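Undergrad: Have a look at the structure that comes next, please.
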Amino acid sequence: MLIVAPGLAIDERELDETFVRASGPGGQNVNKVATAVQLRFDVGRSPSLPEAVRERLRRVAGRRITAEGVLVIDARRFRTREQNRQDARRRLCTLVQRAATVPRARRPTRPSEAARQQRLDAKRRRSRLKAARASTSRAEE
């Protein structure tokens, strides 16, 4: 079990890890050993996630989620397979934690009368300044 948050865990069997060759530094090791991890997690079919978290995860994941609803995380930061595996799982946990937090509802507000007046005064001052510039440039011609 991959524990994400209190009361929220993902079963290991829901995660599909594939190891591929990583690009970048590493010398000959890069050409021989598949150290990069591609972690796949089917968000749409996961029984571990409540429906609300699933919907928010689709939004939070963005481009990392496929059209079929599979979340793909590529981890190739480290040179060892185990470190990349832990990194991919950590990033999955972070995404699910972000999706698990319920966003606060926005309460619509209106600007105060004083703020509205201040904005209009600033616009008038700016308008007068520009008008003054225009009249001097016409007088020079």
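Undergrad: Can you find, within the stretch 40-77, the residue that is farthest from residue 96 (Cα to Cα) among those that are outside any helix (DSSP H, G or I) and either in contact with a Leu (Cβ under 6 Å, 6 or more places away or on another chain) or among the β-branched types (Val, Ile, Thr) (or both)?
TA: 66
Undergrad: Right, next: Within the stretch 56-75, identify whether any single residue is touching a residue at least 60 places away in the same chain (Cβ under 8 Å) and surrounded by 14 or more Cβ atoms within 10 Å (Cβ to Cβ), and answer yes or no.
TA: no
Undergrad: While we're here: Say whether the condition of being out of contact with any Ser or Thr (no Cβ under 6 Å at 6 or more places or on another chain), closer than 25 Å to residue 3 by Cβ and part of a helix (DSSP H, G or I) is met by at least one residue in the stretch 102-117.
TA: No: the stretch 102-117 contains no residue that is out of contact with any Ser or Thr (no Cβ under 6 Å at 6 or more places or on another chain), closer than 25 Å to residue 3 by Cβ and part of a helix (DSSP H, G or I).
Undergrad: Let me ask you something else. What single numbered condition from (1) of a type in the set (S, T, N, Q); (2) in contact (Cβ under 8 Å) with a residue 12 or more places away in the chain; (3) touching a helix residue (DSSP H, G or I) at 6+ places or on another chain (Cβ under 9 Å); (4) over 17 Å from residue 17 (Cα atoms) fails to hold for residue 97?
TA: Result: residue 97 fails condition (3) only.
Undergrad: Can you pull out the residues in the stretch 78-92 that are surrounded by 16 or more Cβ atoms within 10 Å (Cβ to Cβ) and assigned to a loop (DSSP other than H, G, I, E, B)?
TA: Answer for the stretch 78-92, where residues must be surrounded by 16 or more Cβ atoms within 10 Å (Cβ to Cβ) and assigned to a loop (DSSP other than H, G, I, E, B): 78, 79.
Undergrad: Only one of 124, 58, 76 is among the basic types (Lys, Arg), at pLDDT below 85 and more than 19 Å from residue 10 (Cα to Cα); which?
TA: Answer to the check: 76.
Undergrad: Residue check, residue 11 against (1) modelled with pLDDT of 75 or more; (2) within 21 Å of residue 68 (Cβ to Cβ); (3) not aromatic (Phe, Trp, Tyr), all met but one. Which one?
TA: Going through (1) modelled with pLDDT of 75 or more; (2) within 21 Å of residue 68 (Cβ to Cβ); (3) not aromatic (Phe, Trp, Tyr) one by one, residue 11 breaks only (1).
Undergrad: Taking the stated definitions as given, is residue 43 aliphatic (A, V, I, L, M) and crowded, with 16+ Cβ neighbours inside 10 Å?
TA: The answer is yes for residue 43.
Undergrad: Another question about this same structure. Yes or no: the stretch 21-36 includes at least one residue that is at pLDDT 70 or above, surrounded by 10 or more Cβ atoms within 10 Å (Cβ to Cβ), under 22 Å from the mean Cα position of the chain (by Cα) and in the same structural domain as residue 72 (by TED's automatic domain parsing).
TA: For the stretch 21-36, residues at pLDDT 70 or above, surrounded by 10 or more Cβ atoms within 10 Å (Cβ to Cβ), under 22 Å from the mean Cα position of the chain (by Cα) and in the same structural domain as residue 72 (by TED's automatic domain parsing): present.
The values are calculated or read from the model by the stated rules, or taken from the named source; none is laboratory data. What you see is a predicted model, and the numbers here were worked out from it, not measured in a lab. Every residue, glycine among them, receives a Cβ derived from its backbone with ideal geometry; neighbour counts consider all protein chains shown.
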